[in-house]
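Q: Would you mind keeping the following structure in view while I ask a few things?
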């Protein structure tokens, strides 16, 4: 009898290990000071006076970089009293409209990325997003170990925004392997034109 119980314990332990391989962002959460360089590069696309909704604000490193901007921080936990708390993976999105949606290192962790991008496009007229595309991180195992839930190529990312009325205005590779995309509601491509095909890569 004891032998049977021990075997069952081993089976449960093995199953738990398999389930645990896809770790959640909450368990892996950490903040690297080097991410500030990415946020600084992204912030250059925000004009003074534009209102900003920071989706997945984390430590709110964007806030001190803003000039005369209304700032709406959003995250899955209460970083401070100004933060709107929502869970994107539970289909929660803040009832806030802004000029710019700022998405730095968050889209990778959203399971239903189509829903998330649709919400962004209905709540902002521009979006500045950093995203580790499959061109830079093709290994699905590596992506899962990082707890990433979405696995989009650059073309797939552009098409999702295009389908929701936003078009690529600029792209920057100032941060290697983590390109920055700037989308807006102006400048719809002509019929038959490659989405984002003529957009310069601003690496500075």
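The values are calculated or read from the model by the stated rules, or taken from the named source; none is laboratory data. On a predicted model such as this, the values are computed, not experimentally measured, just so you know. Here the Cβ is made from the backbone with ideal geometry for all residues, glycine too, and neighbour counts use every protein chain on show.
Q: Of all residues in the range 68-85 being surrounded by fewer than 16 Cβ atoms within 10 Å (Cβ to Cβ) and either out of contact with any strand residue (DSSP E or B) (no Cβ under 9 Å at 6 or more places or on another chain) or modelled with pLDDT of 95 or more (or both), which is nearest to residue 44 (Cα to Cα)? If you could, list the steps in order and put the result at the bottom.
A: Taking the range 68-85 first, the residues surrounded by fewer than 16 Cβ atoms within 10 Å (Cβ to Cβ) are 68, 70, 77-82, 85.
Among the residues that remain, those that are also either out of contact with any strand residue (DSSP E or B) (no Cβ under 9 Å at 6 or more places or on another chain) or modelled with pLDDT of 95 or more (or both) are: 68, 70, 81, 85.
Details: 68: 14, 70: 16, 81: 26, 85: 26 Å.
In this case the residue turns out to be 68.
Q: Consider the range 138-178. How many of its residues are on the phi < 0 side of the Ramachandran plot and part of a loop (DSSP other than H, G, I, E, B)?
A: Restricting attention to the range 138-178, the residues satisfying the condition of being on the phi < 0 side of the Ramachandran plot are 138-146, 148-164, 166-176, 178.
Retained after the next criterion (residues that are part of a loop (DSSP other than H, G, I, E, B)): 138-139, 146, 148-153, 164, 166, 173-176, 178.
Of the residues in the range 138-178, 16 are on the phi < 0 side of the Ramachandran plot and part of a loop (DSSP other than H, G, I, E, B).
Q: Still on this structure: Working carefully through the options 39, 46, find the one that is assigned to a helix (DSSP H, G or I) and surrounded by 18 or more Cβ atoms within 10 Å (Cβ to Cβ).
A: Testing whether each residue is assigned to a helix (DSSP H, G or I) and surrounded by 18 or more Cβ atoms within 10 Å (Cβ to Cβ) leaves just 39.
Q: Across the range 111-136, what is the total count of residues that are in a loop (DSSP other than H, G, I, E, B) and either crowded, with 17+ Cβ neighbours inside 10 Å or without any contact (Cβ under 8 Å) to a residue 40 or more places away in the chain (or both)?
A: 7
Q: State which residue is nearest to the chain's Cα centre (by Cα) when the search covers only the range 171-188 and only residues that are in contact (Cβ under 8 Å) with a residue 12 or more places away in the chain and surrounded by fewer than 17 Cβ atoms within 10 Å (Cβ to Cβ).
A: 177
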